[in-house]
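Working notes for the structure below.
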Amino acid sequence: NAGVTQTPKFQVLKTGQSMTLQCAQDMNHEYMSWYRQDPGMGLRLIHYSVGAGITDQGEVPNGYNVSRSTTEDFPLRLLSAAPSQTSVYFCASSYSGQRAGAFFGQGTRLTVV
Amino acid sequence: EDQVTQSPEALRLQEGESSSLNCSYTVSGLRGLFWYRQDPGKGPEFLFTLYSAGEEKEKERLKATLTKKESFLHITAPKPEDSATYLCAVQAGSNYQLIWGAGTKLIIKP
């Protein structure tokens, strides 16, 4: 079992560029989510999905888009990168309700210059 | 406003020196409290879920407890490999979203 796979691991973007962070899970989990982690702060939810075709906004959705066309994949798109989006991004998946805990990917460290 | 606060921010212990990490929360309608471990450069790893006051869970040298206002993660006779950042998160209300604390960085010196 690969678990949750995120790519790329590192990325540097110029202000205004767009890109997609990839996330795939092989555990048939219904619930998937994207977080950003910044120093001194808790993980903040960007977007989440409770199943294929269903997505919703989290705490900090501005500047990001998501889609969920399959159960396995949940890509995060940065529309026009800004320095404020410099962060570490984590994708997570879990069974519905998350009560058994979530599985996280290894993270993508993004720097916007 | 729902809030989760972890203390201390950092904790340095000698190997074998037991201690506790704190996670205090103010939320409406607690559904569950979660503890995760995060190693540098990696994603969080799930440890425990606690659902109601008085509940306790154990795993090796770790024991998590829950009251109506806070949770403690007790570490007994820690080893250097227990060094990590420990994250607390709370699930509350009618949705499944988690509210995360900023974490406690634990360093165990040999």
Q) Dipole size in debye (nearest 20) for the protein assembly as shown around its Cα centre, Lys and Arg Cβ +1, Asp and Glu Cβ -1? A) 340 debye
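Tell me the per residue accessible area of chain A using a 1.4 Å probe; a whole number in Å² is fine. Write out the running numbers ahead of the final one.
Working: 5210 Å² over 113 residues.
Heavy-atom accessible area per residue stands at 46 Å².
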Q | the stretch B:44-89: projected area of the alpha-carbon convex hull, averaged over directions, in nm² | A | 3.4 nm²
Q: Can you find, among A:104, A:28, A:88, the residue farthest towards the positive end of the dipole of chain A? Put +1 on the C-beta of Lys and Arg, -1 on that of Asp and Glu.
A: A:88
Q. Percent of accessible area on the protein assembly as shown owned by carbon and sulfur, 1.4 Å probe?
A. 49 percent
Q: Jot down the radius of gyration and Dmax of the stretch A:10-113, Cα atoms only, both in angstrom.
A: 13.1, 39
Q: Note the buried accessible area between A and B here, summed over both chains, with a 1.4 Å probe, in Å² to the nearest 100.
A: 1600 Å²
Q) Three principal axis extents, largest first, for the C-alpha atoms of chain B, in Å? A) 45, 30, 20
(Q) Against the 2.2 N^0.38 Å scaling, with N counting residues, where does the protein assembly as shown land? I'd like the Cα-based Rg ratio to two decimal places. (A) 1.02
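The values are calculated or read from the model by the stated rules, or taken from the named source; none is laboratory data. Source: prediction; values computed, not measured. Glycine gets a Cβ as well: all are built from the backbone with ideal geometry, and neighbour counts include every protein chain shown. SASA here: full protein model, heavy atoms, side chains in, ligands and nucleic acids out. Shrake-Rupley method; radii C 1.70, N 1.55, O 1.52, S 1.80 Å.
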